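What follows is one structure encoded as structure tokens, with my remarks underneath.
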Amino acid sequence: MLTPPRSQSPLQDLLHRVGEILAKPQTLPTRLNAALKIIAQEMGATTSILYLLTPDRYLEVYAVYDAITPHHKKVRFRVGEGVVGFIAAIGKSVICDNIARHPNFLFRPGVADHVNLSLLGVPLISSQGIRGVLTLQNPPSNPFEKWREKALMEIGTFFAELPELKRFPFLNSAEGKVSGTHTLQGISFNPGIAIGTAFLHQPYSWKETDFSLNIKDESLRLKTAIREMVEAIDRLVEKTPNLEKNTQDVLTSYRMIASDRGWVRKIQEYIQKGFTAEAAVQKVRRHTRERFAQIGDQILKGRLTDLEDLASRLLKYLSGKDSVSEELPESAILVAQNLGPAELLDYDRRFIKGLILEEGVHTAHVAILARALDIPVVGRIPLLLTHVEAGDKLIVNGTKGTVIVNPDGDAFQEARKSITQMKKWQVLNKEGSDKPCKTLDGTSISLTLNAGLPIDLHHLEEFDFEGIGLYRTEIPFMMRSSFPDVKTQTDIYRDIFEHSKGQPITFRTLDIGGDKIVPYMWRVHDENPVLGWRAIRVSLDKPAILRQQVRALIHASQGQHLRILFPMISELSEYQEARHHVEQEWARAQQSHLTLPSSLSYGVMLEVPSIVDQLEPLLKEVDFISVGTNDLFQFFYACDRTNPSVSNRYDVVSSSFLNYLRRIRIACEEARVPVSVCGEMAGKPLEALALLAIGYRSLSISGPVAGYIKKMILNLPLKEAEAFLSKALETYSPSLRSSLLTFAKQHKIDL
Ligand code: PEP
Ligand code: MG
């Protein structure tokens, strides 16, 4: 077998043997099949396939060697379609440990009929153009190393120039871009749908000159540039007076980093050593990158992006350019590897319809800003910048976390339909408001709001919500660059009380950790952050955090009813401990003769199966229960909700999960403890229908979907839905989705 080449000779030897086989007096497919056999064997692969281009621009299997499945069909892929089509389209090799994870993966029965494969594929690049693709495959347990990629590239070139293949068509470089419609899968950072034209964000560039003899001048240049930069950020804030307070906070915290003494001092130190201001900025930038790399925490990259953005910005001011001068298309979808919050604000927001990122985390400031600005965002799209070119037509589905590149007519039509639908929801929000929220057969359903950003609060005025069922207190924490003190927290909570005009608000104590990072608070590297140090675990280990938060809540809720909800409780004792902290704060406020809340209720989020198992004793001690189906579902199925390869694998409307939720509801009802569902499933009509049919009467949902959920409720014959689902749940089914859809259709419920 071929070993990593120390000299060229093993590869030359292989090519020589391939040449001999090809010289035999046999048909071309027979000779090529035999050549593929020795290539596969020498390259340590079970399978090798040669695809050649057809006149109608397909890549068709022409020769195969497969040690496992000897018979293959004449499978074909359009150029740009599937991984094989992708290799031909971009004219570059692809190496992946699991082909199913490649964003262009397309399953075609007939060739290497297993989805789980490691693949190495190279284009056959001749002097005229690309003639085809040569692939090697292995089980995922035996992936291909980098050196094999190089060797296969050479073999590919050897094939491409074979006189026997000259009669086959080729793809010239002009055609060589990924053509046709293809869908990229990423992660939803902000829901919504947008149609537009790709606009590639260009990070700022600068001239690099390492040393300067004039330290004074360099130092002055730096100071001037920083001043100009901070002033420009100030102007950005002023220019956008309608920005929500939290959005302003992001910019303010961003400005704080910009004038952060430590950061500026480090740059000055390099200038004192004789570096130019530009070189000094770059050195500090590299140093910061290295520090972040050592921390190794994916999520902290959001903060790194801010620092990167500032460094680029500063370099731009040092070079004397002070504005983003690019011409934006009218409906632009901003395409970037990553982006800082101020970089986003540099663009004219009237033209930015969507944002897609190759990297990013959904808690990064840029994602939070995009949310406040109502721009759909999809992040973490593998190889985004290879797939998308400036000017491509794109459909961004921030709800599903997908991007369709160069969509066909059907995709456009569907996207437009969804956009119209969303607009209708907004109208419905207003129209449905007048009617009492009752099912067709008269059962009252309580709808409350899920909130976290100030922008969410206007929904309280536009829809007849019965208060806030879930206020995610961590969101204001995530928007800041330092820990908010008791006074700051009190102001935030007081604002919410004022908006809610006496309606109940359920404040969930800090649910940080997992994918919600508060970078200034701790440095813990969790291998599995969602299973790690998060939510109540943080609050109990650092009780000062919980105490201060409760203190602020008590201060803010003067004379009003206070509802406190604890997230991620896994053991009854955790609830008892958390409650004890609240009681102590209450006693402290009493001693200080402060105006106390009129009453206090304690709630627990059911998000971890272990606490569901302790419901009986728990229900004796709590005032209300909130079922967090987002987390509960991921722990129930051991299925990461943020991992696109598994997040759609199981269904929340499976018989097992619905039965589980039904048992929870029955236990709460028997104990006379009010229960509601606040996970995302409550905000989706079909799922909400299922929840009502298993007995839930209270749902907490996000503002934009309220009209749609209410419409479903108004049209729902609840008794029939209950009978239908109770029967359906008697038999095992991984998904009751289609039966629920049929039920809805039969009863003319528009989902
Ligand atoms: C949940 O887990 O269902 C929930 C509402 O909490 P979050 O989505 O904030 O984790
Ligand atoms: Mg949760």
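Throughout, read-outs are computed from the coordinates displayed, never taken from laboratory work. Bear in mind the structure is a predicted one, so any value in this text is a computation, not a measurement. Here Cβ is always computed from backbone atoms with ideal geometry, including for glycine, and neighbour counts include all displayed protein chains.
Centroid-to-centroid, using Cα positions, the stretch 447-496 and the stretch 578-594 are 23 Å apart.
Which GluC sites (Glu not before Pro) in the stretch 522-581 sit in a loop by DSSP (not H, G, I, E or B) and have at most 13 other Cβ atoms within 10 Å of their own Cβ?
E527
So the label point goes 7 Å from the Cα of Q12 along Cα→C-beta, right? Which residues of the stretch 38-55 then have their backbone N under 11 Å from it? Taking a point 7 Å out along Cα→Cβ of Q12, no residue of the stretch 38-55 has its backbone N under 11 Å. Note on the stretch 48-103: with charges restricted to the Cβ of Lys and Arg (+1) and Asp and Glu (-1), its dipole about the Cα centre is near 120 debye. Modelled label positions at S444 and E498, each set 7 Å beyond Cα in the direction of Cβ, lie 3.1 nm from each other.
Near G467, the amide H atoms lying under 5 Å from its own belong to L449; only residues 5 or more places off or on other chains count, and H is placed 1.01 Å from N. Computed extension length for S726-N98: 222.0 nm, one decimal, from 0.36 nm per residue of separation with the Cα-Cα distance subtracted. Taking 1.567 mPa s as the viscosity and 4 °C as the temperature, the Stokes-Einstein diffusion coefficient of the stretch 467-615 based on its alpha-carbon Kirkwood radius rounds to 82 µm²/s.
What shape does the stretch 9-165 have by the C-alpha gyration tensor, where a ≥ b ≥ c are the square roots of the eigenvalues, rounded means a/c under 1.5, and otherwise prolate means a/b greater than b/c and oblate the rest? Rounded shape, in that the Cα axes give a/c under 1.5. Taking every DSSP bridge with both residues inside the stretch 467-615, close to 10 percent are antiparallel.
Summarising the label geometry, the points placed 7 Å from Cα in the beta-carbon direction at S418 and E145 lie 4.4 nm from one another. Annotation for K24 and D750: the two label points, set 7 Å from Cα along the Cα-Cβ direction, are 6.8 nm apart.
If the segment from T54 to L385 were pulled out straight at 0.36 nm per residue, it would be longer than the present Cα-Cα gap by 116.4 nm. Each part reduced to its alpha carbon centroid, the stretch 365-406 and the stretch 603-671 end up 31 Å apart.
In terms of distances greater than 23 angstrom between alpha carbons, the cross-link table entries K516/K711; K400/K516; K424/K711; K400/K727; K400/K435 yield K516/K711; K400/K727; K400/K435.
Computed extension gain for C639 through L714, at 0.36 nm per residue and net of the alpha carbon distance, reaches 23.6 nm. The V264 and R235 beta-carbon pair, evaluated with R₀ = 25 Å, returns a calculated FRET efficiency of approximately 0.80.
Mind listing which trypsin sites (Lys or Arg not before Pro) in the stretch 541-626 are in a DSSP loop and have 16 or fewer other Cβ atoms within 10 Å? Don't jump to the answer; show the numbers that get you there.
Values: sites: R547, R551, R563, R579, R588, K620; in loops: K620.
Counting only loop positions with at most 16 other Cβ atoms within 10 Å, the trypsin sites (Lys or Arg not before Pro) in the stretch 541-626 are K620.
A Förster radius of 25 Å combined with the Cβ-Cβ distance from H287 to W533 puts the calculated FRET efficiency at roughly 0.35. Overall, the ratio between the Cα radius of gyration of the stretch 596-737 and 2.2 N^0.38 Å, rounded to two decimals, is 1.06.
Suppose every K and R has +1 on its Cβ and every D and E has -1 on its Cβ; what is the size of the dipole of the stretch 467-615 about the Cα centre, in Debye to the nearest 20?
Computed about the Cα centre, the dipole is about 460 debye.
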